[in-house]
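Taking it in order: structure first as structure tokens, then the write-up.
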Amino acid sequence: MSDAGAEAETDYHEREQHVLNLFTRHKRKLQFLAVSRCAHDDRLLAGVCRFSDSLWGWHAGSRLSPSASRTEIGSWHLDLHVDEELSPDAYEQADQLADEVLGEATRFENPASVVKVHSILHDSSFQVGPWRGYRHALQFFCNGLPLFAYTSCKCRRAYQVQMLALAHAGIRADVTSSLDSWNVEALPVKGFLKRGAPQRSAYRFTSEGVQVVLDER
Ligand SMILES: [Zn+2]
């Protein structure tokens, strides 16, 4: 890497840390363009704000007890199946995923992270900085962001935050100068397992790829 490239990377990293600090320390004072909250206690799980340089997304990360860690990580895989399809193989794969994600650790911990969202055009297409949140083998990414990012609230309820949809919502709120923050529903992880439970996914999967479908307010 050239000196200029290394310098730019250091600058970017410093800015990232600064923005992470702003979110960590001053969340309550920030004006959010888009948010995902815990349905139980309204705690913020993820959000998008405009800062002087760009839009930035923030994700709360997660922290779980050792036993909940295996169950929850396994559910990332099991959630992909409808109940009828759950075979011994599926459970075995879920177990393998838990081994892969946890490694030597006993509990799943994933610190809060931020991601820069560069809005390019007013049609909601955008580029993002590197995703520093957790990545795992079965996670789908589009436009550099995970469709679903696992998050645990302090009340111990677990959610999949629709991170790509949140960035789209933030950009839309920004270009329309909306005063209210856009709410993108966080999907309860346990809710996935209930047969017939509605999943308010913000995504439509088509032959063209993933489309983000935001509820009009
Ligand atoms: Zn909560």
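Annotations for the structure displayed:
- Residue that is farthest from Q96 (Cα to Cα) [pool: residues in segment 140-150 that are surrounded by 15 or more Cβ atoms within 10 Å (Cβ to Cβ) and in contact (Cβ under 8 Å) with a residue 40 or more places away in the chain]: L145
- Across segment 121-163, the qualifying residues are those that are β-branched (V, I, T) and closer than 16 Å to P111 by Cα, and the one among them that is farthest from the ligand (Cβ to nearest atom) is V161.
- Number of the condition not met by W56 [criteria: (1) touching a helix residue (DSSP H, G or I) at 6+ places or on another chain (Cβ under 7 Å); (2) closer than 23 Å to P188 by Cα; (3) assigned to a strand (DSSP E or B)]: (2)
- Residues of segment 55-66 include at least one that is closer than 20 Å to S152 by Cα, more than 16 Å from the chain's Cα centre (by Cα) and more than 16 Å from the ligand (Cβ to nearest atom).
- Only one of the numbered conditions (1) within 16 Å of the ligand (Cβ to nearest atom); (2) on the phi < 0 side of the Ramachandran plot is violated by R50, and that is (1).
- Candidate set from segment 182-217 (those that are among the polar types (S, T, N, Q) and part of a loop (DSSP other than H, G, I, E, B)); member that is modelled with the lowest pLDDT: Q199
- Checking each residue in segment 33-43 for being buried (at least 20 other Cβ atoms within 10 Å of the Cβ) and either without any contact (Cβ under 8 Å) to a residue 24 or more places away in the chain or within 16 Å of the ligand (Cβ to nearest atom) (or both) picks out V35, S36, R37, C38.
- When segment 96-122 is limited to residues that are part of a helix (DSSP H, G or I) and touching a residue at least 12 places away in the same chain (Cβ under 8 Å), the one that is surrounded by the fewest Cβ atoms within 10 Å (Cβ to Cβ) turns out to be E100.
- Residue within segment 20-30 that is part of a loop (DSSP other than H, G, I, E, B), within 16 Å of the ligand (Cβ to nearest atom), out of contact with any helix residue (DSSP H, G or I) (no Cβ under 7 Å at 6 or more places or on another chain) and farther than 19 Å from P130 by Cα present: no
The values are calculated or read from the model by the stated rules, or taken from the named source; none is laboratory data. This one's a predicted model, so the numbers in the text were calculated from it and none came from an experiment. Every residue, glycine among them, receives a Cβ derived from its backbone with ideal geometry; neighbour counts consider all protein chains shown.
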